[in-house]
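*Asks:* Below: one structure in structure tokens.
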Amino acid sequence: MSNTVLAILEQRENKLKKVSFEVLSFSKNIASKISAEVIGVVFGSNIDNLNDIHKYGISRVIYYKCEDLANYSPSAYTDLVIEAATETKAEYFIFGDTALGKDLAPRVGARLNAGCIMDCMSVDLTGDSIVFTRPVYAGKALIDIEFKSDQKVVTIRPNIFKANVSEVSQELKVELKEVSNLNLKTRVIEYKKSEGKLDVAEADIIVSGGRGLKAPENFSLVENLADVLGAAVGASRAAVDAGWRPHREQVGQTGKTVSPTLYIACGISGAIQHLAGMSSSKYIVAINKDKDAPIFTVADYGVAGDVFEILPALTEEIKKAKA
Amino acid sequence: MKVAVCISHVPDTATRVKIGQDEKLIDPTGVVYIINPYDEFAVEEALKTKEKFGGEVIAISVGNENSKESIRKALAMGVDKGILLKTEKILDSFGIARALADEIKAQQCEIVFMGKQSVDYDDSIVGQITSELLGFSCISNVVDLKIEGQKLFAEREIEGGKEVVESETPAVITAQKGLNEPRYASLKGIMASKKKEILEKLIPDTENLTEVLRMRKPVAKQPGRIIGTDVSAVPELVRLLHEEAKVI
Ligand SMILES: Cc1cc2nc3c(=O)[nH]c(=O)nc-3n(C[C@H](O)[C@H](O)[C@H](O)COP(=O)(O)OP(=O)(O)OC[C@H]3O[C@@H](n4cnc5c(N)ncnc54)[C@H](O)[C@@H]3O)c2cc1C
Ligand SMILES: Nc1ncnc2c1ncn2[C@@H]1O[C@H](COP(=O)(O)O)[C@@H](O)[C@H]1O
């Protein structure tokens, strides 16, 4: 094992995602504890913002550049991370806990016989060993957990760790890798973007609606507020099960787990399964006409009123504030 | 086609989690255990696959005696046979995947269905690890699946859309909600399941690759404030979001 942390970065449509910079900062933190170097690993054919890596204090990146790697291929990406692992003898492998990271990280772990700590939400570097904290039971409890294996795989929850800008004196060295004989046995052949806008899993602000909206057409109130805030639209399971909203918008234990900066729950009671998916949001606003609804126990700010009155007024007020 | 479906036995999602005495596990008193909700989609897809291509569906669970309850549930839905890979130890996902992979290999299954995630530890990794140990392909988080000979075409849910994935058997598929509508166990199914066999095997001890030091409750949020009950609260709410929380 050498003192190396591999930061596995993710791009979509030729742009490194925000979470990739969080992965870099997190990796730097781990590296500082074990006096290691951080090396970025990217896959793609033509990444626009590759140089941004440098801003986060990284001076070395391994770039597997090939048209066939523009889309995710579990089989090829796994092989190449293992190749980078062999070459660098890295100890840590850090991924974002995204659809891609969740899929790829355990495959890498399995090949290396490395433990996997998924969805890490905080890390304690003060003791002798590094202790990671992650949610279990959909956030109803946390576990402090450490590695027993030589090599170590971690995914970090997006939007929790800050991407810290830091200076390095060295220039960014990009090691372009020749790739041939890619194992494309399992590969993405098409990306179907859903119409609609932001995904709840990636949004900084989410406006969610529940059964309190009464009918699918009333979700326009939620959408209008989301529009003025640049937010994603979310939904409770009740709204999804009723067929008012698509499942991809469902927030909660059997939907998506989200940690936006601001979560606005409209006409949602706050059932335990819903809270499980959103209670780690930084700020929570609840609008519910029942002042005893459990959603108010996690809300920073509440309005115990009628969504049909409050939502239009709120949308207008924010429009004014932004003007 | 021989099909496996892997099942985990988990606390009901409505459970209010209480930390156990040892501060490493939850206190199981009063907790109702159910078949992992995502595994019901896996069972349904396994049954559909058998209906289409013939063969046999085997449900496999790693756990203790109690896991038989969830295996029974799968049997009642129509699974042919159950296998309990028995252990009293708390295994990490690697230990579980190793036990599953060994059994899947022994049973010579060509396609394996799992849930995308177990709603206890929410790891989302057992499927991928098992596939690597077996040298199988794997597509995770699947909401649509077509099997054409050796070829697999699946859609998996990702941020902002879906990926269409091509792969081949033998494979592990992990099911996301939306893949299908799990059938209910009919009365006849429930009766029949009582006669179906659940094989028990002890699994060898393995070393965990991670160790849980402590389980604890998250720090409870300070209860917030209710600003008002009608539109007159709106300007104050916007002011707070802007000046205090600084989020808009
Ligand atoms: C296995 C399992 C998994 C689950 N997973 C999830 C999950 O992932 N996500 C999830 O959300 N749920 C999940 N649930 C369901 C959960 O238990 C609740 O049933 C669901 O969250 C309720 O949705 P709701 O809050 O929209 O509806 P309700 O509980 O019916 O609440 C509606 C709320 O709207 C309020 N209201 C009504 N009219 C108005 C009005 N005019 N103005 C303001 N407020 C109004 C009411 O006071 C009420 O509080 C799961 C359940 C199970 C069993
Ligand atoms: N103890 C177990 N026995 C059998 N299958 C399991 C077990 N634990 C997890 N699985 C399978 O792996 C999937 C993902 O679980 P996990 O990686 O723990 O989130 C589950 O939906 C099950 O199909």
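The values are calculated or read from the model by the stated rules, or taken from the named source; none is laboratory data. Since we're looking at a predicted model, the values are computed, not measured. All Cβ positions, even for glycine, are placed from backbone atoms using ideal geometry, and neighbour counts span all protein chains on display. For the accessible areas, the whole protein counts, side chains as well, though only heavy atoms, and no ligand, DNA or RNA atoms are used. Shrake-Rupley method; radii C 1.70, N 1.55, O 1.52, S 1.80 Å.
*Asks:* If I ask for residues that are surrounded by 15 or more Cβ atoms within 10 Å (Cβ to Cβ) and away from ligand 2 (no atom under 16 Å from the Cβ), which ones from segment B:1-14 would you list?
*Replies:* The initial filter retains those residues of segment B:1-14 that are surrounded by 15 or more Cβ atoms within 10 Å (Cβ to Cβ), namely B:1-11, B:13.
B:Met1, B:Lys2, listed by residue number.
*Asks:* Taking strands (runs of 3 or more DSSP E) that fall entirely within segment A:209-323, which contain at least 3 residues that are more than 22 Å from the chain's Cα centre (by Cα)?
*Replies:* Numbers: elements: A:232-235, A:262-266, A:283-287, A:301-303.
Of the strands (runs of 3 or more DSSP E) lying wholly inside segment A:209-323, those with at least 3 residues that are more than 22 Å from the chain's Cα centre (by Cα) span A:301-303.
*Asks:* Consider B:Glu103 carefully, then state whether it is assigned to a helix (DSSP H, G or I), out of contact with any Gly (no Cβ under 9 Å at 6 or more places or on another chain) and of a type in the set (Asp, Glu).
*Replies:* Numbers: assigned to a helix (DSSP H, G or I): yes; out of contact with any Gly (no Cβ under 9 Å at 6 or more places or on another chain): yes; of a type in the set (Asp, Glu): yes.
Judged against the criteria, B:Glu103 is a match.
*Asks:* (1) near ligand 1 (Cβ under 9 Å from one of its atoms); (2) within 8 Å of another protein chain (Cβ to nearest Cβ); (3) buried (at least 24 other Cβ atoms within 10 Å of the Cβ): which one isn't true of A:Ile272, the others all being true?
*Replies:* Going through the list (1) near ligand 1 (Cβ under 9 Å from one of its atoms); (2) within 8 Å of another protein chain (Cβ to nearest Cβ); (3) buried (at least 24 other Cβ atoms within 10 Å of the Cβ), A:Ile272 breaks only (3).
*Asks:* Let me ask something else. Restricting to segment B:58-82, name every residue that is under 20 Å from B:Arg98 (Cα atoms) and touching a Phe, Trp or Tyr at 6+ places or on another chain (Cβ under 9 Å). Before you say what the answer is, go through the steps one by one.
*Replies:* Our first condition is that a residue be under 20 Å from B:Arg98 (Cα atoms); within segment B:58-82, this holds for B:58-65, B:67-68, B:71, B:82.
Answer for segment B:58-82, where residues must be under 20 Å from B:Arg98 (Cα atoms) and touching a Phe, Trp or Tyr at 6+ places or on another chain (Cβ under 9 Å): just B:Ser67.
Results for (1) touching a His at 6+ places or on another chain (Cβ under 7 Å); (2) within 14 Å of chain A (Cβ to nearest Cβ); (3) within 15 Å of ligand 2 (Cβ to nearest atom), shown as yes or no for each residue.
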{"site": "B:Arg16", "(1), (2), (3)": "no, yes, no"}
{"site": "B:Val31", "(1), (2), (3)": "no, yes, no"}
{"site": "B:Pro37", "(1), (2), (3)": "no, yes, yes"}
{"site": "B:Arg72", "(1), (2), (3)": "no, no, yes"}
{"site": "B:Leu75", "(1), (2), (3)": "no, no, yes"}
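*Asks:* So B:Ala97 fits all but one of (1) open to solvent by less than 10 Å² (accessible area, probe 1.4 Å); (2) free of Cβ contacts under 8 Å to residues at least 40 places away in the same chain; (3) within 16 Å of ligand 1 (Cβ to nearest atom); what number is the exception?
*Replies:* (3)
*Asks:* Residues being touching a Gly at 6+ places or on another chain (Cβ under 7 Å), over 15 Å from A:Val38 (Cα atoms) and surrounded by 21 or more Cβ atoms within 10 Å (Cβ to Cβ): count how many of those fall in segment A:145-159. So that I can check it myself, show each step before the final result.
*Replies:* Of segment A:145-159, the ones touching a Gly at 6+ places or on another chain (Cβ under 7 Å) are A:147-149, A:152-153, A:155-156, A:158.
From what's left, over 15 Å from A:Val38 (Cα atoms): A:147-149, A:155-156, A:158.
Keeping just the survivors that are surrounded by 21 or more Cβ atoms within 10 Å (Cβ to Cβ) gives A:147, A:155-156, A:158.
So the count comes out to 4.
*Asks:* Identify the residue in segment B:100-130 that is touching a Lys or Arg at 6+ places or on another chain (Cβ under 8 Å) and of a type outside the set (A, V, I, L, M, F, W, C) and, among all such residues, is nearest to ligand 1 (Cβ to nearest atom).
*Replies:* B:Ser124
*Asks:* Next question, about the same structure. For segment B:82-94, enumerate the residues that are farther than 30 Å from A:Arg157 by Cα and open to solvent by 10 Å² or more (accessible area, probe 1.4 Å). Step through it out loud before you land on a result.
*Replies:* Taking segment B:82-94 and keeping what is farther than 30 Å from A:Arg157 by Cα, we get B:82-88.
Correct list: B:Lys86, B:Thr87, B:Glu88.
*Asks:* As an exercise: evaluate B:Val43 against (1) within 16 Å of ligand 1 (Cβ to nearest atom); (2) open to solvent by 10 Å² or more (accessible area, probe 1.4 Å); (3) touching a helix residue (DSSP H, G or I) at 6+ places or on another chain (Cβ under 6 Å) and give the number of the one condition it does not meet.
*Replies:* Of (1) within 16 Å of ligand 1 (Cβ to nearest atom); (2) open to solvent by 10 Å² or more (accessible area, probe 1.4 Å); (3) touching a helix residue (DSSP H, G or I) at 6+ places or on another chain (Cβ under 6 Å), only one is false for B:Val43: (2).
*Asks:* Could you look through segment B:23-40, keep only residues that are charged (D, E, K, R) and closer than 30 Å to B:Met1 by Cα, and pick out the one that is surrounded by the most Cβ atoms within 10 Å (Cβ to Cβ)?
*Replies:* Here is the first cut: in segment B:23-40, the ones charged (D, E, K, R) are B:23-24, B:27, B:39-40.
When the remaining residues are screened for being closer than 30 Å to B:Met1 by Cα, the result is B:39-40.
Working: B:Asp39: 32, B:Glu40: 24.
It comes out as B:Asp39.
*Asks:* Mind listing whichever residues of segment B:123-137 are at positive phi and either more than 6 Å from ligand 2 (Cβ to nearest atom) or open to solvent by 30 Å² or more (accessible area, probe 1.4 Å) (or both)? Write out each step before concluding.
*Replies:* Going through segment B:123-137, the residues at positive phi turn out to be B:124, B:135.
Scanning segment B:123-137 gives a single hit, B:Gly135.
*Asks:* While we're looking at this one, here's another question. Out of segment A:116-134, which residues are buried (at least 22 other Cβ atoms within 10 Å of the Cβ) and either facing chain B (nearest Cβ under 7 Å) or within 16 Å of the chain's Cα centre (by Cα) (or both)?
*Replies:* Step one: list which residues in segment A:116-134 are buried (at least 22 other Cβ atoms within 10 Å of the Cβ), which gives A:116-119, A:132, A:134.
Listed by number, the residues that qualify are A:Cys116, A:Ile117, A:Met118, A:Asp119, A:Arg134.
*Asks:* Of all residues in segment A:199-223, count the ones that are of a type in the set (S, T, N, Q) and either under 11 Å from A:Cys266 (Cβ atoms) or within 14 Å of another protein chain (Cβ to nearest Cβ) (or both). First the steps, then the outcome.
*Replies:* Kept after step one, since they are of a type in the set (S, T, N, Q), are these residues of segment A:199-223: A:208, A:218, A:220.
From the residues that got through so far, the ones that are either under 11 Å from A:Cys266 (Cβ atoms) or within 14 Å of another protein chain (Cβ to nearest Cβ) (or both) too are A:208, A:218.
Matching residues across segment A:199-223 total 2.
*Asks:* Collect the residues in segment A:293-323 that are farther than 14 Å from A:Cys266 by Cβ and touching a Gly at 6+ places or on another chain (Cβ under 6 Å), keeping them in residue-number order.
*Replies:* A:Pro294, A:Asp300
*Asks:* Any residue in segment B:51-68 that is away from every other protein chain (no Cβ under 14 Å), more than 13 Å from ligand 2 (Cβ to nearest atom) and of a type in the set (Lys, Arg)?
*Replies:* Within segment B:51-68, one or more residues are away from every other protein chain (no Cβ under 14 Å), more than 13 Å from ligand 2 (Cβ to nearest atom) and of a type in the set (Lys, Arg).
*Asks:* Still on this model: Being away from chain B (no Cβ under 14 Å), within 18 Å of B:Val247 (Cβ to Cβ) and open to solvent by 30 Å² or more (accessible area, probe 1.4 Å): is that true of A:Lys162 here? Walk me through it before giving the result.
*Replies:* Numbers: away from chain B (no Cβ under 14 Å): yes; within 18 Å of B:Val247 (Cβ to Cβ): yes; open to solvent by 30 Å² or more (accessible area, probe 1.4 Å): yes.
Criteria met by A:Lys162.
*Asks:* Every residue in segment A:172-194 that is open to solvent by 80 Å² or more (accessible area, probe 1.4 Å) and closer than 23 Å to A:Phe93 by Cα, please.
*Replies:* Residues satisfying the conditions are A:Lys173, A:Leu176, A:Glu178, A:Arg187.
*Asks:* So which strands (runs of 3 or more DSSP E) are wholly in segment A:99-206 and hold at least 1 residues that are in contact with a strand residue (DSSP E or B) (Cβ under 9 Å, 6 or more places away or on another chain), within 29 Å of B:Met215 (Cα to Cα) and polar (S, T, N, Q)? Break it down into steps so the answer makes sense when it comes.
*Replies:* Working: elements: A:115-120, A:122-124, A:131-136, A:141-147, A:152-156, A:173-177, A:187-193.
In segment A:99-206, A:122-124, A:131-136, A:152-156 are the strands (runs of 3 or more DSSP E) which contain 1 or more residues that are in contact with a strand residue (DSSP E or B) (Cβ under 9 Å, 6 or more places away or on another chain), within 29 Å of B:Met215 (Cα to Cα) and polar (S, T, N, Q).
*Asks:* To continue, here is another question. Look at B:Lys177 and say whether it is at pLDDT below 95, more than 23 Å from A:Ser75 (Cβ to Cβ) and away from chain A (no Cβ under 13 Å). Break it down stepwise before answering.
*Replies:* Values: at pLDDT below 95: yes; more than 23 Å from A:Ser75 (Cβ to Cβ): yes; away from chain A (no Cβ under 13 Å): no.
No, not satisfied.
*Asks:* Which of the residues that make up segment A:19-54 are part of a helix (DSSP H, G or I) and closer than 29 Å to A:Val188 by Cβ? Can you show your working first?
*Replies:* Within segment A:19-54, the subset part of a helix (DSSP H, G or I) is A:19-33, A:52-54.
Answer for segment A:19-54, where residues must be part of a helix (DSSP H, G or I) and closer than 29 Å to A:Val188 by Cβ: A:Val19, A:Ser20, A:Phe21, A:Glu22, A:Val23, A:Leu24, A:Ser25, A:Phe26, A:Ser27, A:Asp52, A:Ile53, A:His54.
*Asks:* A further question follows. From the list A:Val258, A:Val207, pick out the single residue that is within 30 Å of A:Pro74 (Cα to Cα) and open to solvent by less than 20 Å² (accessible area, probe 1.4 Å).
*Replies:* One residue alone meets the criteria, A:Val258.
*Asks:* Also, I was wondering about something else. Exactly one of these conditions fails for A:Ser259: (1) polar (S, T, N, Q); (2) within 11 Å of ligand 1 (Cβ to nearest atom); (3) under 30 Å from A:Leu69 (Cβ atoms). Give me its number.
*Replies:* (2)
*Asks:* Report every pair of residues separated by at least 6 positions or lying on different chains whose Cβ atoms are under 6 Å apart, first residue within segment A:277-304 and charged (D, E, K, R), second open to solvent by less than 10 Å² (accessible area, probe 1.4 Å) and not in a loop (DSSP other than H, G, I, E, B).
*Replies:* Short answer, once both residue conditions are applied: A:Asp300/A:Ile284.
*Asks:* Between a residue in segment B:113-130 that is over 14 Å from B:Leu91 (Cα atoms) and any residue that is assigned to a loop (DSSP other than H, G, I, E, B) and more than 7 Å from ligand 2 (Cβ to nearest atom), which pairs come within a Cβ distance under 7 Å, given they are 6 or more apart or on different chains?
*Replies:* Listed pairs, sorted by first residue: B:Lys116/B:Gln176; B:Val119/A:Gln253; B:Val119/B:Thr13.
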